[in-house]
Every structure is written in structure tokens, then in C-alpha cells.
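Here's the structure we're looking at; comments come further down.
Just so you know, all these numbers are worked out from the coordinates, no wet-lab data involved. These numbers come from a predicted model, not from an experiment. Cβ: placed from backbone, ideal geometry, glycine included. Neighbour counts: every protein chain shown.
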Amino acid sequence: MLQKIYDWIDDRIDITPIWRDIADHEVPEHVNPAHHFSAFVYCFGGLTFFVVVIQILSGMFLTMYYVPDIENAWQSVYYLQTEVAHAQIVRGMHHWGASVVIVMLLLHTLRVFFQGAYKKPRELNWMVGVLIFFVMLGLGFTGYLLPWDNKAYFATQVGLEIAEQVPFIGEALKTLLAGDATIVGAQTLTRFFAIHVFFLPGALFALLAIHFILIRRQGISGPL
Amino acid sequence: MHKGKGMKFVGDSRISAEKTSKIPKDYSEYPGRTEAFWPNFLLKEWLAGAVFLVGFLCLVLAHPSPLEGMADPTDAAYIPLPDWYFLFLYELLKYQFASGDWIILGILVIPGIAFGALLIAPFLDNGPGRRPRQRPVAVGMMLLALVSCIWLTYTSAAHVDWETRAEQNKPIPPGESVVDQDHPGFAAYENSCLSCHGGELEGGAGPALVGTEHTKEEIMDIAVNGIGAMPADQFQGTDEELEQLADFIIETSEAAGE
């Protein structure tokens, strides 16, 4: 039955080459921890992606309850934390995932760096990876404000004050982020929410797609 | 996409009518013990992922994510602190050469050089050798940056008393004030204690009184004689008022605990 459904679809859209490109490729011996235990360092990239998936899924569930306005943001997080079934775990995963993803990203970056895996012909993929790192830091910065507790509010205020001190564009930059030249308030929260939930994830997905297409195209770097 | 004469297509589409093989490639001609990603390696990777997930969930269950009290822009006493992975940048700005007149150095030049170098690392370190020994400059710079970041993060975090911070900024349940302002002890609390211990006994300059483990007698003693960093003679009034005050604190604390 399943085979017939598959064949029916494959007849029409020729799906086999598509999944073949993604799934059917070789894993060389030197990256396989089953053969060399030290090859576990090659897992860091995959685990980073795993945490990113956790972040996306838990974030999608959090937005079911979260309300991005200054009256209700904290209340909704408090409600989530105390009343909603399992929401403490979901929010915990998102909170800790934000830290763990930075740690895994750092480990993955260090693995690639110390192995010199970014050398020709993989320069572009390294740069895409560093951009992913920047996007992640941006996600961390904007996500920190969303619970709208004291910690979030005052850290963001400091962050915006630092942005303001950038020469020439500082004040424009602060206004762009905060929605106002002086107030950190309702506008700031909605802007950070939009950046955290739409702008940066959009950039992240695009960069991840390029990162994965490039690695599939070039293959993993050879042994040292 | 295949092109050419004699090709058969499905309907008027560009899908080839000739079937491609669904059997995965055989990787035996590759060097070493190469194996197929699908499905052999993916199953093992799945296992590593599962172990990682269990560890991650243990972390999540052991440490519920923190939530402080609702943002209060008028709280001038609050000491801001960024998330841990920004602490090194935050700490950098405390150095003389990276603050005040030199703030541009701290917020743009130093981080700019560091992250810029990271971004274009393949072009700076463009020799053919991949082993760390063959590129001492690149590896040395990275180690230096790494040690600096760890050191800055450590010095920044070491001064913070995380537990006291969390204790002082506990969230107050919304909507329901536990403070009974008609209580005979409230007036004494308002006059003597509120400025440091907060309007909801949630703490401030002093610790939270909600959930206090002191007995009534101890509270009466502390109000008069002080404790730890709290000076003596905070309460000045009659013994009857003192007793009402202690009653008020204990009753409010119990009401909040329910």
C-alpha cells in the first residue's frame, strides 16, 4: 500500500532523486564515532542543529500563550510558568536551549577552526557559519527581553545604551531597535518580539539552508 | 535534468517517464570503512541525539527557567546583568581603555576586530597546512581570544551573588496582593520595614520576608536589634505595636505561601 502511494507520487513528481540528494551520501570512516571514538567532535554541528530544532518547536508552543505587550507579557509568562500543563518544561527547554545552543555552536566552531577545516575550498561555508553565530547572538539578545521581568528590562536598557554610543548611526540604531529615542517600553517589546520571532528566524533558516547545501555539495573535510 | 531526443515524459510535464533506481548506492568502493548515511549512520546518530536529549531534559527538570518580578522601570536600585554569553563584552566595557572617552574602542573596535577576524579567518589563515602546528599564528590568536573571553566572563560572573539576586527578585503572584492593609501591624510595617523589605514583603535592599523561617519572637528581636547587614533600632514604638508587627509579617508570609 505504502509502496503504491510512493510509486503514485514518484510517477508524477520524480521524488526519488530529491530525497536521494539529501539522504544518500557517504559517511567517511574518520568522522564516524563508531570507528574512532574521538570523532565525536564531528557531532557538535549536528547537535547544534538538534538544539535549534528544539528551540523552534518549543518557541512555536510558547507563542501560543505569550502576549507581546507590556501589560500582559510578564503575566502571560507567569501564567505559562504556573498554570499551563507542562509549560514549565517547554519554557525551560527554550530557556536552557538558548544557552546550550551557544555552547554547542562554540564547540562546533572550535572543532572546525582547530582542524583547519575552513580552508580552501570551504571558506564560504565558514563565513555562512559565522553569520549563523551572529544571528544566534541576536536571537539571544532579543529573546532576553520578552519575559519582561526586571532582568530583561534593565539588560535591554543597557544594551540599547551601548548601541546608542555607536558614532553617527547610534541614535538612529537605538530608535530602530527600541521604537523610540528615549523610552524602552511597549514599542521596544513588540519590535524585539517581531525581530525574535520573524526577522532573525527567517535569516537563520536561509543561512542554515545555505550551510547544509554547501556541506552536501563539498562533502565533509578529509582527515588531518 | 536529462534532456535530449527520444526522452519520454509523464504527460506534458518535464518529469522523466523512465524510472531511476531506488536502491541506495553501495559505498564499498570508497576508502576505509565508509558507510551509507541513510539508514546506517543515521540510526547511530539518532542514538547520540537521544543521549544528548536525555542530558538536556535532566538540566531542564533540575533547574526550572527563572522569572523575576515584572519589569519596573522606576526601580533605580536594580543592577542590570546581561545573559551569560554577553558577559565578556559587558566586562570589557569596565576597563579604562574601553570606557569613557575610549568607549568606541570597547563597543566597536575591539569586538569588531575580534568578530571580523573570525568572519574572514579563512583568508587571514590561507596557508595550505591544516594541522594546528602548521599555523601557529592563527591557532595562537584563537587561543588568546578564547582565554580572554573565558577570563572576562569569569571575572564578571564571580562577583555576582546569583542566589541572593534570585531571592530578591522573586515574582509576586499577579492580581492578588497578600498584604492586608487593615491589619493592626501594617502601619508599623509601613513606617519601619517597607522601604527595604518591599510593599509585598518581596524584599529589596533587605531580604524577602515572604517565606521567612523566623519565629515571632525572633522577628520581634530582629526588628529591634537588627541582624546581619540590618542595623538595630529599625523599629521604634511600643511593645504592643512590635507584637502586632511580628504577627503581621508571619500572617502575610503564611498567606503568600498558600
> If you take the square roots of the eigenvalues of the alpha-carbon gyration tensor of the stretch A:43-218 and sort them as a ≥ b ≥ c, do you get rounded (a/c under 1.5), prolate (a/b over b/c) or oblate?
Replying inline: oblate
> Using a basic spin-label model with each label point 7 Å from the Cα along Cα→Cβ, how many nm lie between A:ILE18 and A:HIS35?
Replying inline: 3.3 nm
> What is the magnitude of the charge dipole of chain B about its Cα centre, with +1 placed on the Cβ of each Lys and Arg, -1 on the Cβ of each Asp and Glu, and no other charges, expressed in debye to the nearest 20?
Replying inline: 4320 debye
> Taking the simple approach of a point 7 Å from Cα along Cα-to-Cβ for both A:LYS4 and B:LEU57, what is their distance in nm?
Replying inline: 3.8 nm
> What ranking do A:LEU2, A:LEU224 get, fewest neighbouring Cβ atoms within 10 angstrom at the top?
Replying inline: A:LEU2, A:LEU224
> Once you put a point 7 Å from the Cα of B:LYS170 and another 7 Å from the Cα of A:ARG111, both along the Cβ direction, what distance in nm separates them?
Replying inline: 4.2 nm
> R0 = 51 Å: FRET efficiency of B:LEU42 with B:HIS159, Cβ-based, nearest 0.05?
Replying inline: 0.65
> Tell me, what ³J(HN,Hα) does each residue in the stretch A:125-130 have, in order and in whole Hz, if you take phi through Karplus 6.51 cos²θ - 1.76 cosθ + 1.60 with θ = phi - 60° and put x for Gly and Pro?
Replying inline: 5, 4, 5, 4, x, 5
>> Between B:LYS25 and B:GLU240, what is 0.36 nm times their sequence separation minus the Cα-Cα distance? Round to one decimal in nm.
In response: 68.5 nm
>> Taking just the alpha carbons, could you work out the radius of gyration and Dmax for chain B, both in angstroms?
In response: 32.3, 107
>> What do you get for GluC sites (Glu not before Pro) in the stretch B:1-78 restricted to DSSP loop and a cutoff of at most 16 other Cβ within 10 Å of the site's Cβ?
In response: B:GLU18
> R0 = 35 Å: FRET efficiency of B:ILE103 with A:LEU57, Cβ-based, nearest 0.05?
Replying inline: 0.30
>> Is the C-alpha gyration tensor of the stretch B:84-123 telling us rounded, prolate or oblate? Criteria: a/c under 1.5 is rounded; beyond that, a/b larger than b/c is prolate, otherwise oblate.
In response: oblate
> From the Cα gyration tensor of the stretch B:186-257, with a ≥ b ≥ c the square roots of its eigenvalues, which class applies: rounded if a/c is under 1.5, or else prolate if a/b is larger than b/c, or else oblate?
Replying inline: rounded
>> Only helices at least 30 Å long along their own axis, judged from Cα atoms, and with Kyte-Doolittle mean hydropathy of 0.5 or greater: name those in chain B from DSSP H.
In response: B:136-158
>> Counting other beta carbons within 10 Å of each residue's own, what order do A:HIS25, B:HIS159 fall into, fewest first?
In response: B:HIS159, A:HIS25
> When the dipole is taken about the Cα centre of the stretch B:84-159, and only Lys, Arg (+1) and Asp, Glu (-1) are charged at their Cβ, what size is it in debye, to the nearest 20?
Replying inline: 420 debye
